[in-house]
1. Pairs needed: first member in the stretch 64-78, in a loop (DSSP other than H, G, I, E, B); second member anywhere, small (Gly, Ala, Ser) and modelled with pLDDT of 90 or more; C-beta distance under 6 Å; at least 6 residues apart or different chains.
2. Pairs please, first residue from the stretch 315-328 and hydroxyl-bearing (Ser, Thr, Tyr), second anywhere and in a loop (DSSP other than H, G, I, E, B), Cβ atoms under 8 Å, 6+ apart in sequence or on different chains.
3. Of all helices (runs of 4 or more DSSP H) completely enclosed by the stretch 203-294, which ones contain at least 2 residues that are under 24 Å from the mean Cα position of the chain (by Cα) and either at pLDDT below 80 or aliphatic (A, V, I, L, M) (or both)?
4. Please specify each residue of the stretch 112-137 satisfying the condition of being among the polar types (S, T, N, Q) and within 20 Å of Leu424 (Cβ to Cβ).
5. Take the stretch 75-97 and flag every residue that is farther than 26 Å from Leu360 by Cα and within 22 Å of the chain's Cα centre (by Cα).
6. Condition first: touching a helix residue (DSSP H, G or I) at 6+ places or on another chain (Cβ under 8 Å) and in a loop (DSSP other than H, G, I, E, B). Now tell me which residues in the stretch 303-329 satisfy that.
7. Which is closer than 30 Å to Leu246 by Cβ and in contact (Cβ under 8 Å) with a residue 24 or more places away in the chain, of Ser97, Ser144, Ser103, Ser122?
8. If a residue has to be within 11 Å of Val190 (Cα to Cα) and among the aliphatic types (A, V, I, L, M) to count, how many in the stretch 119-150 make the cut?
Amino acid sequence: MAVFTKHPVSAPPAAPIREKTGHLLLRAWCIFILGSVIAGVGWVNAVGAVGSGLLAAVTGVVSAALWALRRPPVQWRRLPWFALAYVAFAGLSMLWSAWLETSFLTWLLLVVTTGQAMFVASALTWRELVRALASALKWVVALSLLFEIAVATIVGGPLLPGFVRPSGPVDPDATWSRGELFTGGPIQGVFGSADLLAAVALVAIVVFGIRFASDPPHRLTTGAWIALAAFLMIRAGSTTAYLTALAVGVVLVTVMLMRTSQRAGGRTRYYAAYAVIAVGSAAAIGVWRGEIFALLGRAADLAGREHIWATVLEHAAERPVAGWGLATPWLATDPLPGAWIAGDGQPAMQAYNMWVDVFLQLGFVGIVLMIGIYLAVIWRAWFFAIDRPRWDLRADRPYSPVTVLPTLIVTVLLVQGLAESGPLLLWGWMFIVLFGFKIKQAPLVGVGPAEQSLAIESGEFVPSSAQDAPGRPR
């Protein structure tokens, strides 16, 4: 006679793991922070410098309070020391600054951005960070498109910052939007700058592409977001963004090739080949510079940037060691440094080169610290991308698409920094600190105390046997 056992071999049924409400709210706050920093220039155009400054201060205080209350696991010995040293030296520059008010205000912005970057990195796992970045970029991309549609259909012409409709002819560079979405002209999104819109759209393509490769639940929708970001990038018409996209593509192909190496020293030939390509490309640009920029539809002097660089370097040479004082960004209310470089009667608002700008503000000391920041992040991000995840004898764990993100974002910042000063503030500075800090805290995706304790709270945690299952991305 059959007897039903009282000791079934299967586990009793249980409700699926769900994210805690507190963690959902925390991730929503991180998305708001990321979106606000990415669209920081848009806030200035919408509510002015004072309003955006108050917003930055309030969000910084809230994040600091949340960090103190929640106390996410942080290895305090593994902080981004070069970035913190740069922030400290930038604050110290107020002792000799030629524009004290600008130095004080911009240093506060630098401190808040640094704190926000470290807060987000400590509050989210790697997978959550990519999801939060994707959500923030969706908001920024969608708002940029809706803003351009509204200006083109309702205003029917240019729009100035503060939602002011000009009463007469206006300089296109001074507009928030030119209202040319349906006329074929370049668009500027919520940023008021085609170059900034194109750069953010490129970052969005990278992040959405990584989400697409990670097999999200709504893959078709993710593909549509990639197409929308590509549309905005093309309509912005930024040559710098096109060159940056080319560099990102080269780095991505290189990472994929490096991952195919199966033996010691197998990557050497790739390093040698790309060194030859880099030297050859630099030589070609030097010899056929005029022809290359003419093909791209740009002047050989990079739209007057060479004149700006020469003028900035001339003034920087007067204080080469410690510079003139922090001024990131240059404020329009301060007669210096923008008044030194007046083009068409208008003072410049940046040096149009990250390294030249740092040399002007913080001298050789600042340059050394900035080189240390980028070398440290590049080194860790590169091997984070190309090395197979390994913490024991097992050497066949699959790669994760997430690990490519830091090195591609750093590529964007490096190329952008050659023609813009944007990587020194807002999302440029936030990304370099965020990824540098996150890689040091969690060098393996989903592995380690910082990753797993957060994963348990967010409902992402799976048993170790499932983590090591073949085919599960790490």
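1. Close Cβ pairs satisfying both conditions: Pro72/Ser122; Pro72/Ala123; Val74/Ser122.
2. If the second residue must be in a loop (DSSP other than H, G, I, E, B), the pairs left are Thr328/Ser421; Thr328/Leu425.
3. 219-236, 239-259
4. If the condition is that a residue be among the polar types (S, T, N, Q) and within 20 Å of Leu424 (Cβ to Cβ), then Thr113, Thr114, Gln116 are the ones that fit.
5. Arg78, Leu79
6. Selection gives Arg319, Pro320, Val321, Ala322, Gly323, Trp324, Gly325, Leu326, Ala327, Thr328, Pro329.
7. That would be Ser144, the only listed residue that is closer than 30 Å to Leu246 by Cβ and in contact (Cβ under 8 Å) with a residue 24 or more places away in the chain.
8. Total satisfying the criteria: 6.
The values are calculated or read from the model by the stated rules, or taken from the named source; none is laboratory data. Since we're looking at a predicted model, the values are computed, not measured. Glycine gets a Cβ as well: all are built from the backbone with ideal geometry, and neighbour counts include every protein chain shown.
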